[in-house]
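J.: Let me begin by handing over the structure; questions about it come next.
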Amino acid sequence: QVQLIESGGGLVTAGGSLRLSCAASKRIFSDYYLGWFRQTPGKEREFVAGIDWRGSVQIGDPVKGRFSISRDNAKNTWSLQMNSLKPEDTAEYLCGASRSFRLRASEYQYWGQGTQVTVSS
């Protein structure tokens with residue numbers, strides 16, 4: 001059974017920072033495209049950022065310039081660094097793994113349990 005285990009999240013005031021991390025097995029970490037999505041009630045999951053095995057990254061337009069993604073090959077983890085947070089960044093954040101680069105959540109095979117990020121004004 002494939003597990004993606006998230007950590008991080010919480011409550012922060014606007015302008016603050018948070019860091020989310022996701023851990024996976026070595027097979028998933030090495031062979032899959034690793035992404036972060038976010039979701040608010042009644043809306044579809046939105047692509048936030050992703051990184052491939054070479055370290056090439058893609059950042060979603062709403063968070064470009066504020067969020068970054070990285071991977072730690074020694075720990076089989078990838079992280080989302082969120083800076084200059086805004087109230088509109090409030091959402092459940094989920095890490096996901098896809099066999100190749102994908103922007104749509106429906107094309108991801110594995111998901112973490114989700115972690116809540118709340119940004120107060």
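J.: Write out, first by first residue and then by second, each pair whose Cβ atoms fall under 9 Å of each other, whose residues are 6+ apart or on separate chains, and whose first residue, in the range 109-121, is on the phi > 0 side of the Ramachandran plot while the second is among the hydrophobic types (A, V, I, L, M, F, W, C) and surrounded by 12 or more Cβ atoms within 10 Å (Cβ to Cβ).
T.: Cβ pairs passing all conditions: GLY114/LEU94; GLY114/CYS95.
J.: For residues that are part of a loop (DSSP other than H, G, I, E, B) and among the hydroxyl-bearing types (Ser, Thr, Tyr), scanning just the range 36-71, find the one that is surrounded by the fewest Cβ atoms within 10 Å (Cβ to Cβ).
T.: Keep residues of the range 36-71 that are part of a loop (DSSP other than H, G, I, E, B), which gives 40-45, 52-56, 60, 64-66.
Checking the rest, the ones that are also among the hydroxyl-bearing types (Ser, Thr, Tyr) come to 40, 56.
Numbers: THR40: 12, SER56: 10.
Only one residue fits best here, namely SER56.
J.: For the range 22-37: of the residues being among the charged types (D, E, K, R) and touching a residue at least 40 places away in the same chain (Cβ under 8 Å), which is nearest to GLN113 (Cα to Cα)?
T.: Applying the first criterion (among the charged types (D, E, K, R)) to the range 22-37 yields 26-27, 31.
Next, only the ones that are touching a residue at least 40 places away in the same chain (Cβ under 8 Å) stay: 26, 31.
Values: LYS26: 19, ASP31: 21 Å.
Filtering first and then ranking leaves LYS26.
J.: Here are the criteria: (1) surrounded by 15 or more Cβ atoms within 10 Å (Cβ to Cβ); (2) part of a loop (DSSP other than H, G, I, E, B). Tell me which single one ALA74 does not satisfy.
T.: For ALA74, the failing item is (1).
J.: Same structure, new question: Filter the range 20-35 for residues that are more than 11 Å from SER98 (Cα to Cα), in a loop (DSSP other than H, G, I, E, B) and in contact with a Ser or Thr (Cβ under 8 Å, 6 or more places away or on another chain) and give the result. First the steps, then the outcome.
T.: So the first thing to find is which residues in the range 20-35 are more than 11 Å from SER98 (Cα to Cα), and the list is 20-27, 30.
Subsequent filtering for residues that are in a loop (DSSP other than H, G, I, E, B) retains 24-25.
Matches in the range 20-35: ALA24 only.
J.: Quick one: what pairs do we get from the range 68-92, first residue in contact (Cβ under 8 Å) with a residue 40 or more places away in the chain, second part of a helix (DSSP H, G or I) and loosely packed, with under 15 Cβ neighbours inside 10 Å, C-beta under 7 Å, 6+ apart or different chains?
T.: Taking only residues 6 or more apart or on different chains, the pairs are ASN76/LYS26.
The numbers here are math on the coordinates, done by the rules we state, and not lab data. Nothing here was measured: the structure is a model prediction, and the numbers come from that model. So basically every Cβ, Gly included, is an ideal-geometry build from the backbone, and we count neighbours across all protein chains shown.
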